[in-house]
1. I need V110, V54 ordered by Cβ neighbour count within 10 Å, fewest first.
2. Work out Dmax and Rg for region 47-182 from the C-alpha atoms and quote the Rg first, both in angstrom.
3. As a footprinting exposure proxy, order C125, C120 by other Cβ within 10 Å, with the fewest listed first.
4. Take the alpha-carbon centre of region 5-49, take the same for region 121-155, and report the distance between them in whole Å.
5. If you fit an axis through the alpha-carbon atoms of helix 47-70 and take the longest principal axis of the Cα set of the chain, what angle between them do you get, 0 to 90°, nearest 10?
6. Relative contact order of the chain, please, whole-number percent, based on alpha carbon pairs below 8 angstrom and at least 6 residues apart.
7. Residue separation times 0.36 nm, minus the C-alpha to C-alpha distance between Y21 and E142: what's the value?
8. Among A16, A175, S103, which residue has its Cα furthest toward the positive end of the charge dipole of the chain, with +1 on Lys/Arg Cβ and -1 on Asp/Glu Cβ?
Amino acid sequence: MDKKELILSQAEKLFAEKGYYGLGLSELLKRCDIPKGSFYYYFPDGKIQLIQEVLEYSYRRMRSGISTWMTEESSAEAAFGRMIDNLSEGLQQGRFLSSMLLSMIAIESVYLDHQVNQTCRQIYCDWRDFYAECLRHFGYQEQPSRRIAQAVFALIHGSLISSWIKQNPEDLQLAKESLKDVL
């Protein structure tokens with residue numbers, strides 16, 4: 001892992017734990033064991049640039065992970081059901097969930113910075129479009145796939161946030177049962 005990826009990886013975890021305002025640069029530098037100059041070499045615009053790149057890094061990693069197994073399933077319901085099962089398991093095991101980092105920072109970005117908010121908006125649009133792409137893989141037509149993708153996104157995403165707050169995957173499992181109604 002190169003230095004920039006190390007910084008992104010550690011910042012991803014720290015932002016998830018502490019949010020944007022809770023993360024101090026000195027804590028990140030200490031965790032990465034790098035001097036301040038190295039940080040600014042990779043992120044000359046500082047913490048705002050860092051959060052934007054962390055969001056993009058986190059989204060790319062999440063999408064890549066989902067892409068590797070999404071098309072292995074026989075149906076959209078099975079594929080999104082598998083996603084929900086993975087999220088439920090991650091929640092129960094206390095694993096880092098990229099989608100939670102993206103959600104927390106996206107909500108915070110409305111009040112944080114216009115550029116960060118633009119990055120979050122773009123990620124959310126890409127995320128929905130990715131779901132539509134997955135639906136098209138399973139035979140859905142272009143127009144219905146976009147509409148259904150938004151409903152699936154809202155169902156899974158909202159249930160994940162609710163389950164995270166409750167620290168209980170029950171709402172995710174209810175969402176899994178509801179997939180057949182949406183799909």
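Here, each number is a calculation from the coordinates, and none is a lab measurement. Model, not experiment: these values are computed from the prediction. Here Cβ is always computed from backbone atoms with ideal geometry, including for glycine, and neighbour counts include all displayed protein chains.
1. V110, V54
2. Using the Cα atoms of region 47-182, the pair Rg, Dmax is 14.8, 43 Å.
3. C125, C120
4. Centre-to-centre distance over Cα atoms comes out at 32 Å.
5. The answer is roughly 30 degrees.
6. Once normalised by length, the contact order is 23 percent.
7. The span from Y21 to E142 would gain 39.5 nm if fully extended.
8. Value computed over the given set: A16.
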